Amino acid sequence: MKAVIGLSYYRPMPNLPDPSVALSMQGIGVRFPTGVQALDQLDLELCRGEFLSLLGPSGCGKSTALRLAAGLAQPTTGTMQRAPDMRLGFVFQEPTLMPWATVFDNVRLPLRLQGRSVASVRGEVMQVLDLVGLTEFVNAYPRELSGGMRMRVSIARALATRPNLLLLDEPFAALDEITRGRLDDDLLRIWQEQSLTVVFVTHSVYEAVYLSSRIAVFSGRPGRIVESIDIDAALTRDEAFRASERYARWCVQASAQLSRAYA
Amino acid sequence: MSATQRQSVVAPVLVCVLALALWEGVVRINHIPHYILPAPSLVAQTLWSDLPSLLPSMWFTIKITAGALLLAVVGGVLLAAVFASSRRIENAFFPLAIVLQVTPIVAIAPLILIYIESTTVALLICAFIVAFFPILANTVVGLRSADANLRDLFTLYGASRWQRLHLLLVPSALPYFLAGLRIAGGLALIGAVVAEFAAGAAGRETGLASRILEASFRTEIPRMFAALVLVSMVGIGIFLVFDWLARRLLGRWHDTEMHQSSN
């Protein structure tokens, strides 16, 4: 069966099996023109409201899976379906801001590309900037901001179109520990407040356990999901959670799976 | 004016003054006749007295340079847009552009002067040929330099071709284009002067090169120097204009224009 996915912002997908499913991938294989098999027989079902982390070694194809989910790449085999009401937000590994534009204009970009005027979006832009705590820096240029602040701008931009599906590709990998912890907490708060569905690519076991309601562990190349770990979504994620025995147990479990994936 | 700024003005001025004083001293002490090497004071005097006859020539040189530059900008940018949109066209035509670039203009100028009846047009073409390559080459690189993730982002949000061009490609190419423009500015002046030497034109509607030639026939060395000073001043003027333009356009966002404020 031919893959049904376009590059357009979103396109209605036929017959998703279950209304609670946001996105589904079946038997996905991706082979690059170089001959590298990035993904092989990948099956993934993402439910609405989930915070799913894709955890795996570098180069295992988890970023490719995320690009597939966004429609930025096409599968060689298999099918990918997205619920028709899914509105996407995408956060790259780097902040990927336009250096020539202010924070305001960067965050406004997705709305501008939808053809909306400055006047009509000012309120919305300020609202998402407030969500990431950057209202003071609305007129700053990216190069005047710290790495963590740039990432916040990038998140605000992804939220500007009020998405219900947020895809993040190792967004905090380049940040220091403290900044990363703060942004993790911000992301959790936004996930809850905005009732988002999140797919989060990471290679950090601790970050995955701390953030997720479910972790999908990838094997090494060619990538596919070898293990799915459910983390109790109801648990409050804070310092106490980080110190808890259950957190430690999940980390051990995920690490064990990951080292098996590396082998 | 800050201390560092003052330093950046004072040091070069000091070097200039010292060099001129040395020149003046050498000429006076050795009693070098003015028809071999005039002292700076005599050059200044000649410049002042000959200004009425030199100014129209300077104006003519400026017109040729500016006209050629304008043509180079229009031609270079349009061709760059075509090249950047198709590798095949670039591969087919780029060698031709390189041939034009590497062939010394002095060698082509006599031919152009033979084929083109109007000397003014011929001069314009010569100056255009040398000025247009750096604009073309830099703009092609610039248009291709847009960040891959930003391109993906534009795809994700369904940007139109026009939006992609003016919101992403043009701003990405701007620093490259301006660097090319700065080089082209100097080259256009060189082209205009060299072509005029080749033309050996005389008469009213001619530029500074013709004044230098005439003066050399009459061994009016101080007048040669005076015209030379004016050529340099045109060059410096072009440089300052483009430097100012780059500062204005790139302002706060680009690294190359940020050194002064960040140091």
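Give, ordered by residue number, each residue of segment A:29-78 whose 1.4 Å probe accessible area is reduced by a minimum of 50 Å² on adding the remaining protein chains to the chain alone.
Going by heavy-atom accessible area, the residues of segment A:29-78 that drop by at least 50 Å² are A:Leu72.
To the nearest Å, what is the center-to-center distance of segment A:69-104 and segment B:81-109, using C-alpha atoms only?
Distance between centres, Cα-based: 38 Å.
Only helices at least 20 Å long along their own axis, judged from Cα atoms, and with Kyte-Doolittle mean hydropathy of -1.0 or greater: name those in chain B from DSSP H.
Long hydrophobic helices here: B:3-29, B:40-85, B:87-102, B:119-144, B:170-199, B:221-250.
Do you know the relative contact order of chain A, to the nearest whole percent, from alpha carbon pairs under 8 angstrom that are 6+ apart?
Once divided by the residue count of chain A, the mean separation gives 25 percent.
Suppose R0 equals 45 Å. What FRET efficiency, 1/(1 + (r/R0)^6) with r the Cβ-Cβ distance, do A:Asn139 and A:Ser58 give to the nearest 0.05?
0.75
Estimate the FRET efficiency between A:Val36 and B:Ala148 by the formula 1/(1 + (r/R0)^6), using the beta-carbon distance for r and 22 Å for R0, to the nearest 0.05.
Efficiency, rounded to the nearest 0.05: 0.80.
Give the carbon-plus-sulfur fraction of the accessible surface of segment A:150-244 in %, rounded to a whole number; probe 1.4 Å, heavy atoms of protein chains only.
46 percent
Could you state, as a whole-number percent, how many of the C-alpha pairs of segment B:123-202 are farther apart than 23 Å?
41 percent
If you place +1 on the Cβ of every Lys and Arg and -1 on the Cβ of every Asp and Glu, how big does the dipole about the Cα centre of segment B:10-130 come out, in debye to the nearest 20?
260 debye
For segment B:48-191, what relative contact order do you get, as a whole percent, if you take Cα pairs closer than 8 Å and at least 6 residues apart?
35 percent
What percent do you get for the relative contact order of chain B when only Cα pairs under 8 Å and 6+ apart count?
26 percent
Chains A and B: how much accessible area gets covered up at their contact, both sides added, probe 1.4 Å, in Å² to the nearest hundred?
2300 Å²
What distance in nm separates the two pseudo spin-label positions at B:Phe197 and B:Thr219, each 7 Å out from Cα along the beta-carbon direction?
That separation, rounded to one decimal, is 2.2 nm.
Could you tell me the calculated FRET efficiency between A:Met126 and B:Ile32, based on Cβ-Cβ distance and R0 = 51 angstrom, to the nearest 0.05?
After rounding, the FRET efficiency stands at 0.10.
Taking 7 Å along the Cα-to-C-beta vector as the label spot, tell me the B:Leu55-B:Ser232 distance in nanometres, rounded to one decimal.
2.2 nm
Report, as an integer, the average count of C-beta atoms from other chains found within 10 Å of each Cβ along A:95-104.
5
Just from its helices, what would the mean residue ellipticity at 222 nm be for the protein assembly as shown, if runs of 4 or more DSSP H residues each count -39500 (n - 2.57) and the sum is divided by every residue, rounded to the nearest 500 deg cm²/dmol?
Counting only the DSSP helices, I get -19500 deg cm²/dmol.
Please state, to two decimals, what the Cα-based radius of gyration of chain A comes to when divided by 2.2 N^0.38 Å (N = residues).
In units of the 2.2 N^0.38 Å rule of thumb, it is 1.00.
Do you know which residues of segment B:131-152 lose at least 20 square angstrom of accessible area in the protein assembly compared with their chain on its own, with a 1.4 angstrom probe?
At a threshold of 20 Å² (probe 1.4 Å), the residues of segment B:131-152 that become less exposed are B:Asn149, B:Leu150, B:Asp152.
Obtain the radius of gyration and the Kirkwood radius of chain B from its C-alpha atoms and give Rg over Rh.
So for chain B, dividing Rg by the Kirkwood Rh gives 1.06.
If you place +1 on the Cβ of every Lys and Arg, -1 on the Cβ of every Asp and Glu, and leave all else neutral, what size is the dipole of the protein assembly as shown about its Cα centre, to the nearest 20 Debye?
Using only the charged Cβ atoms, the result is roughly 780 debye.
Which shape class applies to the protein assembly as shown: rounded if a/c is under 1.5, otherwise prolate when a/b exceeds b/c and oblate if not, where a ≥ b ≥ c are the square roots of the Cα gyration tensor eigenvalues?
Note, shape of the protein assembly as shown comes out prolate.
For B:Trp244 paired with B:Gln101, estimate the spin-label separation in nm (one decimal), with each label point 7 Å from Cα along the Cα-to-Cβ line.
About 3.0 nm, to one decimal.
Can you give the accessible area per residue of segment B:108-187, in Å², using a 1.4 Å probe?
41 Å²
The values are calculated or read from the model by the stated rules, or taken from the named source; none is laboratory data. Every value quoted in this text rests on a predicted model; they were computed, and no experiment measured them. Quick reminder, even Gly has a Cβ in these numbers, built from the backbone with ideal geometry, and neighbours come from all protein chains shown. All accessible areas refer to the heavy atoms of the entire protein, side chains included, with ligands and DNA or RNA removed. Shrake-Rupley method; radii C 1.70, N 1.55, O 1.52, S 1.80 Å.
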